[in-house]
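Okay, structure first, notes after.
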Amino acid sequence: MAWDRNQMAARAAQELQDGMYVNLGIGIPTLVANYVGDKDITLQSENGMLGMGPFPFEGEEDSDLINAGKQTITELPRTAYFDSATSFGMIRGGKIAAAILGAMEVAENGDLANWMIPGKLVKGMGGAMDLVAGVGRVIVVMDHTSKHGESKVLKECTLPLTGKGVVDRIITNMGVLDVVPGGLKIIECAEGVTEDELRAATQATIV
Amino acid sequence: MKKVYDSATEALDGLLFDGMFIAAGGFGLCGIPELLLQAIKEAGTKDLTFASNNAGVDDFGIGILLQTRQVKKMISSYVGENAEFMRQYLSGELELEFNPQGTLAERMRAGGCGIPGFYTKTGVGTVIAEGKEVKNFEGQDYILERGIVADLSIVKAWKADATGNLVFRKTARNFNPPAAMCGKVCVVEVEEIVPVGSLDPDMIHLPGIYVHRLIQGAHEKRIEQRTTRNKESA
């Protein structure tokens, strides 16, 4: 037993505190918005918006209103729009409290790889390199192992990096780990996962 | 000085040449200068380098210039959703320079503001940093990125007055202001040109000093990913 996608998203939502401005990546991180509850969280979309609302009702889509995944969305009473240079100014300038992002690999020193597999189709890094370099806290949400059962939580990343030493916390289907001096620290095991199982599935040094 | 032209073709007259460097606004298909791109296709200008966050889709946006092999190089942060782009890139017909999205936006903004280079921590320790100067400020490494100055900027706004003051709408603003700023000449297409004096001066997003030529036209404004929610489940 381990956490499913929604349970991982719910766990990641616990990282968010009242008043935070947050950027959510594509995939499981997008689901985090469903679990913020009563907390006053403002979502940033890096194409130029603070205060991102839910998908529109059918027939109410606006081609001038999309998120960073190019999906149609809606605005909220608090919404503000700005240009891309201003948007990444607030990201690079550390004004965004946290980013929750997916990953292909994470290493014990906080290195993150999530944009490129050599030899495969490369679509680009988009805003990921700016986000991990700039925001206050980088939280990665990912499966602990690959489809072939190999650990994605490594001593060193094998794929080209998105950022060096940027990850603060890793939330996987098996548990929660923090990047600390000397390696990773287990914060929590997922329901039904033992610490031994978590250690066995982790290639990185656990301190 | 007259800024308003009757058509995209007239607005681009005398500005296009083979091998030129164009900065384009837009994010995905949102806020792209679709009329000016169509006019560049019709003009047949070749060997173009584009600084643009994305490359459109196969039959819309910059994609239409890929079909006609008019593009030599793209400077972009993300180029998915375009099969013809990938075919030309993988066969070596098309050059591609990936820039992190915020670095691309800042390169445009800086170039337009007379700043030839700036240091950023984005990309430090990644392939993006290869060959770039690294400088340490207060214990943190930064890499040198260059400002962009383009031969031409093509931009889409919502409304303009005849002096070129611009108002954008929602997330269609995106790369349009920085792209407008970095061009030696900037041509803008809008949905509506309104009388001078009818825009609130406090609500102008980009002042007309950046805008040299202007057209009004009908826009398709295609949606790339139509996502909705159900009224019953809401």
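Test of understanding: extend the Cα→C-beta vector of B:Asp202 to 7 Å, then name every residue of region B:149-182 with backbone N under 19 Å from that spot.
Within reach of a label on B:Asp202: B:166-168.
A 23 angstrom limit on the alpha carbon distance is what I want to check against. Which of A:Lys152/A:Lys185; A:Lys164/B:Lys132; B:Lys132/B:Lys156; A:Lys95/B:Lys121 exceed it?
Correct reply: B:Lys132/B:Lys156.
Could I get the Rg over Rh figure for region A:92-207? Both from C-alpha atoms, Rh via Kirkwood, rounded to two places.
My calculation puts Rg/Rh at 0.96.
Report, in cubic angstrom per residue, the convex hull volume of the C-alpha atoms of chain B.
Dividing the Cα hull volume of chain B by its residues yields 176 Å³.
Can you list residues from other chains, or at least 5 along the same chain, whose modelled amide H is less than 5 Å from the amide H of B:Cys186?
B:Ser153, B:His212, B:Arg213
List the relative contact order of region B:1-153 as a percent without decimals, with contacts defined as Cα pairs under 8 Å and 6+ residues apart.
19 percent
Just A:Ala85, A:Ala13, A:Ala68 to compare: in a GNM of chain A, with alpha carbon springs under 10 Å, which one fluctuates most?
Highest fluctuation among the options: A:Ala85.
Taking the Cα centre of chain B as origin, work out the dipole magnitude from +1 charges on Lys and Arg Cβ and -1 charges on Asp and Glu Cβ, in debye rounded to 20.
Dipole size: approximately 300 debye.
Helix B:34-43 against the longest principal axis of chain B: what's the angle in degrees, Cα atoms only, rounded to the nearest 10?
The angle comes out near 80 degrees.
Can you give the relative contact order of region B:93-234 as a percent, counting alpha carbon pairs under 8 Å and 6+ residues apart?
Rounded, it is 22 percent for region B:93-234.
Evaluated at 4 °C with a viscosity of 1.567 mPa s, what Stokes-Einstein diffusion coefficient in µm²/s does the protein assembly as shown have when Rh comes from the Kirkwood expression over alpha-carbon pairs?
It diffuses with D of about 57 µm²/s by this estimate.
Along the charge dipole of the protein assembly as shown, which of A:Leu76, A:Val207, A:Val135 sits closest to the positive end, that is, farthest toward it, with unit charges on the beta carbon of Lys, Arg, Asp and Glu (+1, +1, -1, -1)?
Checked the options; the winner is A:Val135.
Using just the alpha carbons, could you tell me how many Å³ per residue the convex hull of chain A encloses?
133 Å³
Could you compute the FRET efficiency for B:Asn230 and A:Thr74, with r as their C-beta to C-beta distance and R0 at 25 Å, rounded to 0.05?
0.95
Placing unit charges on C-beta atoms (Lys and Arg positive, Asp and Glu negative, everything else neutral), compute the dipole magnitude of the protein assembly as shown about its Cα centre in debye, rounded to 20.
Once rounded to the nearest 20, the dipole reads 620 debye.
Each label point is 7 Å from the Cα along the Cα-to-Cβ direction; what then is the distance between the points at A:Arg5 and A:Glu150, in nm?
In this crude spin-label approximation the distance works out to 2.4 nm.
If each DSSP helix of 4+ residues adds -39,500 (n - 2.57) and the sum is divided by the residues in chain B, what number results at 222 nm, nearest 500 deg cm²/dmol?
-5000 deg cm²/dmol
Rounded if a/c is under 1.5, else prolate if a/b beats b/c, else oblate: with a ≥ b ≥ c from the C-alpha gyration tensor eigenvalues square-rooted, which is region A:1-83?
prolate
Roughly how far apart, in whole Å, are the Cα centres of region B:19-85 and region B:186-201?
Centre-to-centre (Cα) distance: 25 Å.
Under the rule of at least 5 residues apart or a separate chain, name every residue whose amide H is placed under 5 Å from the amide H of A:Met104.
Sorted by chain and number, the residues that satisfy this are A:Ala113, A:Asn114.
Using +1 at the Cβ of each Lys and Arg and -1 at the Cβ of each Asp and Glu in region A:66-207, identify which of A:Asn109, A:Ala85, A:Gly192 lies farthest towards the dipole's positive end.
Sorting the options by dipole projection puts first A:Ala85.
Connecting C-alpha atoms closer than 10 Å in a GNM of chain B, tell me which of B:Lys41, B:Lys221, B:Lys135 has the biggest fluctuation.
B:Lys135
Using a 10 angstrom Cβ neighbour count of at most 13 plus a DSSP loop assignment to flag exposed GluC sites (Glu not before Pro), which longest range of chain B is free of such sites?
Here the longest segment lacking exposed loop sites spans B:1-92.
Determine the shielding of peptide A:117-125 by partner chains: average, over its residues, the number of Cβ atoms on other chains within 10 angstrom of each Cβ.
Mean number of neighbouring Cβ atoms from other chains: 5.
Length gain on complete extension for the stretch B:Gln67 to B:Asp47, per 0.36 nm per residue less the alpha carbon to alpha carbon distance?
5.9 nm
Of A:Leu76, A:Leu112, A:Leu121, which has the largest mean-square fluctuation in a 10 Å C-alpha GNM of chain A?
In the Gaussian network model the winner is A:Leu121.
If you take the beta carbon distance between A:Arg137 and A:Arg199 as r and set R0 to 30 Å, what does 1/(1 + (r/R0)^6) give as a FRET efficiency, to the nearest 0.05?
Calculated value: 0.75.
Compute the relative contact order of region A:5-200 as a whole-number percentage, counting only Cα pairs closer than 8 Å that sit 6 or more residues apart in sequence.
Answer for region A:5-200 is 19 percent.
Label B:Leu96 and A:Val207 with points 7 Å out from Cα along Cα→Cβ: what is the distance between them in nm?
With each label placed 7 Å out from Cα toward Cβ, I get 3.9 nm.
Whole-Hz Karplus ³J(HN,Hα) for region B:177-188, in order, using 6.51 cos²θ - 1.76 cosθ + 1.60 and θ = phi - 60°, x for Gly and Pro?
With coefficients 6.51, -1.76 and 1.60, one gets x, x, 5, 4, 5, 8, x, 5, 10, 10, 10, 10 Hz.
Given the rule -39500 (n - 2.57) for each run of at least 4 DSSP H residues, summed and divided by the residues of chain A, what is its mean residue ellipticity at 222 nm, to the nearest 500 deg cm²/dmol?
Using -39500 (n - 2.57) per qualifying helix, the result is -4000 deg cm²/dmol.
We did not get these values from a lab; they are worked out from the coordinates using the rules stated. Since this is a predicted model, take the numbers as computed values, not measurements. Counting neighbours? That spans all protein chains shown, and the Cβs are built from the backbone with ideal geometry, glycine included.
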